[in-house]
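Below you'll find the structure, written out as structure tokens, and then a few comments.
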């Protein structure tokens, strides 16, 4: 606990509480007026998304609710007297994630996450009913199991009893705000709404065609507002539980990817955020709110600007899978050293890293992971190396699609533990992309981004980059390795076309 008479060195108020609801943990911490985390205040609670054999990836609503509220308890307790200087709350949450509420406003379904692939059949049904290209331009999203239209149809088809109980569909953050403020009219931000695949980005309202086709009434979706809007006045018992927060503004939550861009300083087309946690993404923030999109990329709303990029369902999850399935070392340094002793793309293996289906750029939701070329001499470390190279190849395709929209000399800023914790992965990613990568030294870029949005909403910051993030080592590409990877990527693409693209086109 912090005593105000012994304020942490270098920190100045006002402070904001940042709440980050991620796919592997919930974090809450205080940030000061310069978006510097007050280290002693961070509370992190791990949670596990539950996978089912049929492609389900979900979380129990009551578990996530308890974890977020316990994280808030911890951060406020550790803040001590500094809690009285909290001026606002910022929040981000897993995007493309939704839960159904019953007539009493209680969870009627699990929390369905972005990685759930059970609605692939319903994606195919939707594609036959719409002009895919036009809907992609209108909503910024393609039809895919990670988005909500097909998920709504899937639930009605497979579990009509549960679907009939749902009166409201909300993201986890909007549900928590409704719970904490005892209000049923709390809006969702345009940011989170755009991540559902159901926001008309031209009109900034729920998409009429997709509402009709997914057979959910407009009244079952929350009202919408900009993420700069806030709500205040905690209801009992939360006003008593968190007195320091009882009357301060809680700014509407944004998608975790948007927060990560802001936290890593990637708020203009001359900087591209490369994030790898459990999943992975590459994004930039454009001034144009409605850019024309190539197939393969998405765009989401952030304060009336376009967050443009692509995402992979599997990033660091590839490493975790290999550790568990192939009995590889749990220690990062040991595993990094083992990978570093291998020559790049010399294993004779070609991999597809789709443990949770594919998102960008091919959007084959039913894709599965595969290895081609396995021999008696193939090792577990080589299998992981091939899978990581394949992950980098998927990012390189997103990078190629983004180039017309970004500056010619745009820099890549890396964040996320799966990337920054591994020198091997950073070097390999730089070599594959053929561009330098700068490490973001902010320990939690996503949490920092939510704090910045709160500071900006309070008027403490004039822009989203008043204070630039701390940047660390720069990794430059090796030209010879870049050429080697370009050649190996051809074999990867051939396997992709054979096993994924052809299967998707015939389904």
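The values are calculated or read from the model by the stated rules, or taken from the named source; none is laboratory data. The structure displayed is predicted, hence computed values, not measured ones. Here Cβ is always computed from backbone atoms with ideal geometry, including for glycine, and neighbour counts include all displayed protein chains.
Points worth noting:
- The set of residues from segment 258-288 being touching a helix residue (DSSP H, G or I) at 6+ places or on another chain (Cβ under 8 Å), farther than 22 Å from residue 460 by Cα and not in a strand (DSSP E or B) comprises 269, 277, 278, 279.
- Those strands (runs of 3 or more DSSP E) of segment 20-59 in which at least 2 residues are over 19 Å from residue 79 (Cβ atoms), considering only elements entirely within it, cover 57-59.
- Residue within segment 308-327 that is surrounded by fewer than 23 Cβ atoms within 10 Å (Cβ to Cβ), assigned by TED's automatic domain parsing to the domain that holds residue 81 and at positive phi present: no
- Among the residues of segment 405-420, some residue qualifies, meaning at least one is free of Cβ contacts under 8 Å to residues at least 60 places away in the same chain, under 30 Å from residue 90 (Cβ atoms) and either touching a strand residue (DSSP E or B) at 6+ places or on another chain (Cβ under 6 Å) or buried (at least 18 other Cβ atoms within 10 Å of the Cβ) (or both).
- Filter result for residue 302 (surrounded by 14 or more Cβ atoms within 10 Å (Cβ to Cβ), within 15 Å of the chain's Cα centre (by Cα), in the same structural domain as residue 369 (by TED's automatic domain parsing) and in contact (Cβ under 8 Å) with a residue 40 or more places away in the chain): yes
- If the condition is being under 18 Å from the mean Cα position of the chain (by Cα) and in a loop (DSSP other than H, G, I, E, B), then segment 414-450 contributes 416, 442, 443, 444.
- Residue within segment 197-217 that is under 24 Å from residue 73 (Cα atoms), crowded, with 24+ Cβ neighbours inside 10 Å and either over 24 Å from the mean Cα position of the chain (by Cα) or in the same structural domain as residue 170 (by TED's automatic domain parsing) (or both) present: no
- A count restricted to segment 178-216 and to residues that are in contact with a strand residue (DSSP E or B) (Cβ under 9 Å, 6 or more places away or on another chain) and within 30 Å of residue 235 (Cβ to Cβ) stands at 22.
- Residue selected from segment 289-323 under the condition in contact with a helix residue (DSSP H, G or I) (Cβ under 7 Å, 6 or more places away or on another chain) and in a helix (DSSP H, G or I), by the criterion nearest to residue 261 (Cα to Cα): 316
- In the set (1) surrounded by 16 or more Cβ atoms within 10 Å (Cβ to Cβ); (2) on the phi < 0 side of the Ramachandran plot; (3) at pLDDT below 95; (4) part of a loop (DSSP other than H, G, I, E, B), the condition left unmet by residue 347 is number (3).
- Residue within segment 181-196 that is in a loop (DSSP other than H, G, I, E, B), surrounded by fewer than 23 Cβ atoms within 10 Å (Cβ to Cβ), out of contact with any helix residue (DSSP H, G or I) (no Cβ under 6 Å at 6 or more places or on another chain) and at positive phi present: yes
- Some residue of segment 139-150 being in contact with a helix residue (DSSP H, G or I) (Cβ under 6 Å, 6 or more places away or on another chain) and surrounded by fewer than 23 Cβ atoms within 10 Å (Cβ to Cβ): no
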